[in-house]
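Inspection log for the structure reproduced underneath, given as structure tokens.
The values are calculated or read from the model by the stated rules, or taken from the named source; none is laboratory data. Source: prediction; values computed, not measured. Here the Cβ positions follow ideal geometry from the backbone for every residue, glycine too, while neighbour counts run over all protein chains shown. Just so you know, the surface numbers come from the protein's heavy atoms only, side chains and all, with ligands and any DNA or RNA stripped out. Shrake-Rupley method; radii C 1.70, N 1.55, O 1.52, S 1.80 Å.
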Amino acid sequence: MSRSDDGTDAPAGDEPFLVAASLSGAADAEWARNAAEHVSVALLGGVALDPASRAAARDLVARGREEFLPADPLAFVAEQLDAVAAADAPVRAGINVRSATPEPVREAAEICADRDAVCEVNAHCRQPELRAVGCGESLLGDPDRLARYVAAAVETGATTSVKVRAEVPGIDLVAAAETVAGAGADWIHVDAMDSEAVVGGVAAAIDEADKEDELADLTLVANNGVRGRETVAEYAARGADAVSVGRPTEEPPVLARVADAVSDWRTGALRDRDGGAEPEAEAQP
């Protein structure tokens with residue numbers, strides 16, 4: 001993994017990398033600093049940006065879910081990204097954001113662009129409260145709107161990721177990848193939801209795209225069930241460019257094991273030794 005000008009680890013070229021995936025209500029600057037020894041990118045959040053998404057987040061909190069609900073969400077984004085930078089942590093920060101309209105995504109992305117941080121559009125959350133206001137996985141069912149969200153982030157110059165999930169009825173993730181790539185996204189972050197083969201399908205579409213097609217430049221980050229060598233090797237074999245971990249960021253031995261596997265992936269040694277059996281993963285929220 002190459003180093004950026006400010007000294008942090010930064011994904012470069014074709015090298016595989018490890019991402020800490022956002023955990024609602026937990027993934028803040030302190031969380032990123034704690035994971036920094038092992039990961040190249042830490043995606044904070046998710047953060048609800050606009051009144052509708054914030055109202056939905058309050059409803060989630062009322063039924064026991066942890067959510068970030070700062071008084072000023074955009075100020076919170078800036079403060080958290082700055083706190084990671086101030087700690088001189090060896091990690092590139094980013095933020096996973098939700099909104100019922102594109103403009104707040106643009107505003108968050110401007111903050112990210114100023115800090116060389118990743119802005120991740122959340123087309124992933126499946127909670128009914130968020131879907132009802134047009135956030136999360138509801139974006140997958142409205143490609144035109146999804147493209148507007150992505151374009152709003154891309155126009156700021158921020159590295160733009162889009163987190164999506166498998167097993168959404170009626171949704172073809174290859175088509176979703178084409179949509180977000182066409183809007184200028186840099187990464188697609190796929191929660192495989194125990195359907196690991198979907199990662200292979202998206203990877204094949206990227207590999208088969210014409211060089212002039214935006215899809216050919218899309219970086220594929222595979223998520224769900226990553227616990228060590230076996231699962232890293234599976235996603236690598238299916239064509240992922242990187243993997244991400246959510247809950248394991250709070251389990252240091254598991255995170256270290258995954259990081260070791262990704263390091264071996266970069267050097268070509270991933271399958272050179274037997275990693276043994278891995279504990280069964282819990283589904284991410």
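Quick one: count up the residues across the range 154-170 that are part of a strand (DSSP E or B) and among the aliphatic types (A, V, I, L, M).
Qualifying residue count, the range 154-170: 2.
Which residue is surrounded by the fewest Cβ atoms within 10 Å (Cβ to Cβ), if the candidates are limited to the range 1-19 and must be modelled with pLDDT of 95 or more and touching a Pro at 6+ places or on another chain (Cβ under 9 Å)?
Restricting to residues being modelled with pLDDT of 95 or more and touching a Pro at 6+ places or on another chain (Cβ under 9 Å), the top hit is Phe17.
Is it fair to say Glu103 is more than 16 Å from Asp50 (Cα to Cα), touching a helix residue (DSSP H, G or I) at 6+ places or on another chain (Cβ under 9 Å) and free of Cβ contacts under 8 Å to residues at least 60 places away in the same chain?
no
List the pairs whose first member sits in the range 232-251 and is within 13 Å of Arg266 (Cβ to Cβ), whose second member is of a type in the set (Lys, Arg) and crowded, with 18+ Cβ neighbours inside 10 Å, and whose Cβ atoms are under 7 Å apart, counting only residues at least 6 apart or on separate chains?
Short answer, once both residue conditions are applied: none.
Working carefully through the options Ala205, Ala185, Ala192, Ala176, find the one that is over 16 Å from the mean Cα position of the chain (by Cα) and at pLDDT 95 or above. Steps first, please.
Working: Ala185 fails: over 16 Å from the mean Cα position of the chain (by Cα); Ala192 fails: over 16 Å from the mean Cα position of the chain (by Cα); Ala176 fails: over 16 Å from the mean Cα position of the chain (by Cα).
The unique qualifying residue is Ala205.
Could you check the range 84-99 and list, in sequence order, the residues that are in contact with a strand residue (DSSP E or B) (Cβ under 9 Å, 6 or more places away or on another chain) and either of a type in the set (D, E, K, R) or open to solvent by 20 Å² or more (accessible area, probe 1.4 Å) (or both)?
Ala85, Pro90, Arg92, Arg98
Could you list, ordered by first residue, the pairs with Cβ atoms under 8 Å in which the first is in the range 181-197 and on the phi > 0 side of the Ramachandran plot and the second is not in a loop (DSSP other than H, G, I, E, B), at least 6 apart or interchain?
Cβ pairs passing all conditions: Gly184/Val150; Gly184/Ala151; Gly184/Val154; Gly184/Thr160; Gly184/Glu214; Met193/Arg165.
Kindly provide the set of residues from the range 185-208 that are farther than 23 Å from Gly246 by Cα and crowded, with 16+ Cβ neighbours inside 10 Å, ordered by number.
Within the range 185-208, Ala205, Ile206 qualify.
Please verify whether Gly136 is more than 22 Å from Glu37 (Cα to Cα), in contact (Cβ under 8 Å) with a residue 24 or more places away in the chain and open to solvent by less than 30 Å² (accessible area, probe 1.4 Å), treating the condition exactly as stated.
yes
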